[in-house]
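Structure first, commentary second.
The values are calculated or read from the model by the stated rules, or taken from the named source; none is laboratory data. Keep in mind that what you see is a predicted model, and the values were worked out from it rather than measured. Here the Cβ is made from the backbone with ideal geometry for all residues, glycine too, and neighbour counts use every protein chain on show.
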Amino acid sequence: MHAEKLQAIVLSTIDYGDSDRIVSLFSLEHGRIKAFARGARTSRKRFGASLEAFARIEAQVRVKEGLAGLQQADIVTIYPRIRGDLAAIAHAIYACEAVEALTPEGHPLPRLYRLLCAYLDRLETETAAESDRRFFEINLLNILGYRPSLESCSRCNVTFGAAGALLQENGEPVCRACAATGRPLHASTLKALNACMATGTFGKVVFPAELLAEGGILLDRSIATHAGRRLKSLEFLGQATT
């Protein structure tokens, strides 16, 4: 079996034994894969600093079902500016965990790969912003087919009007006729989240503070529901941005 050259982002790593690592990669060609990197903790020649979290690399991988074999990795960028800013590090690690938690293994998702690269590029050049995180999240959910219904009630299909919707614990917006309780979602919040999916460019949609907070609750609940858990990096993100 020949090794393939893949474009990939390092999502996470786990030390294995005295010198090896198991690496979770999100690749353009194969989506999310896990690979065994023999000698990764001791071989500067083959790996160097390329297996740091959220590094963008070119990887030589023997791709197979189960655990692939990582033969070599060369750095495209380690995003040095991100690594010098605690808030940017927290946002980058969170984005990688979200991708790892929500994506199927071995399924190419080129749109999502480009979205993650664009978000890391944004964090490298601009101050980490909550609005950019939310832009990333709604597009992540949309690409994966997990987008919450923002135009109409998912239960009865009635279009949300000026009254907005009620947010349920699982991140589902529903109309007031279908739910007796829930957190109010203003129509302007739903409209802003929809606008994020109409443009592929970070920074094009400006969230007023109240809409950002409201939309953030929707996205946090939706991601937790589809991931089956609250993401661990949220605690670090909260500490780094307060």
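Some points to look at:
- Failed item in (1) in contact with an Asp or Glu (Cβ under 9 Å, 6 or more places away or on another chain); (2) surrounded by 15 or more Cβ atoms within 10 Å (Cβ to Cβ); (3) not in a helix (DSSP H, G or I), with residue 70 passing the rest: (1)
- Within segment 4-57, the set of residues being farther than 19 Å from residue 114 by Cβ, in a strand (DSSP E or B) and free of Cβ contacts under 8 Å to residues at least 60 places away in the same chain comprises 4, 13, 14, 15, 16, 20, 21, 22, 23, 35, 36, 37.
- Any chance residue 68 is among the small types (Gly, Ala, Ser) and either out of contact with any strand residue (DSSP E or B) (no Cβ under 6 Å at 6 or more places or on another chain) or touching a residue at least 40 places away in the same chain (Cβ under 8 Å) (or both): no
- Residue match in segment 40-54 (condition: surrounded by fewer than 22 Cβ atoms within 10 Å (Cβ to Cβ) and of a type in the set (S, T, N, Q)): yes
- Some residue of segment 77-98 being modelled with pLDDT under 95 and farther than 28 Å from residue 220 by Cα: no
- Restricting 81, 111 to those that are free of Cβ contacts under 8 Å to residues at least 40 places away in the same chain, surrounded by fewer than 17 Cβ atoms within 10 Å (Cβ to Cβ), of a type in the set (D, E, K, R) and farther than 18 Å from residue 13 by Cα reduces the list to 111.
- The condition of being buried (at least 16 other Cβ atoms within 10 Å of the Cβ), over 30 Å from residue 68 (Cα atoms) and either assigned by TED's automatic domain parsing to the domain that holds residue 207 or touching a Pro at 6+ places or on another chain (Cβ under 9 Å) (or both) holds for only one of 150, 140, that being 150.
Residue-wise test of (1) under 24 Å from residue 92 (Cβ atoms); (2) polar (S, T, N, Q); (3) at pLDDT below 95.
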| site | (1), (2), (3) |
| --- | --- |
| 141 | yes, no, no |
| 182 | no, no, no |
| 190 | no, no, no |
| 193 | yes, no, no |
| 199 | yes, yes, yes |
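- Screening 41, 46 for residues that are modelled with pLDDT under 90 and closer than 20 Å to residue 79 by Cα leaves exactly one candidate, 46.
- Annotation note: of 23, 99, 10, 63, the sole residue that is outside the structural domain of residue 230 (by TED's automatic domain parsing) and touching a helix residue (DSSP H, G or I) at 6+ places or on another chain (Cβ under 8 Å) is 10.
- Entirely in segment 148-242, the helices (runs of 4 or more DSSP H) that have 3 or more residues that are within 20 Å of residue 101 (Cβ to Cβ): 209-227, 233-240
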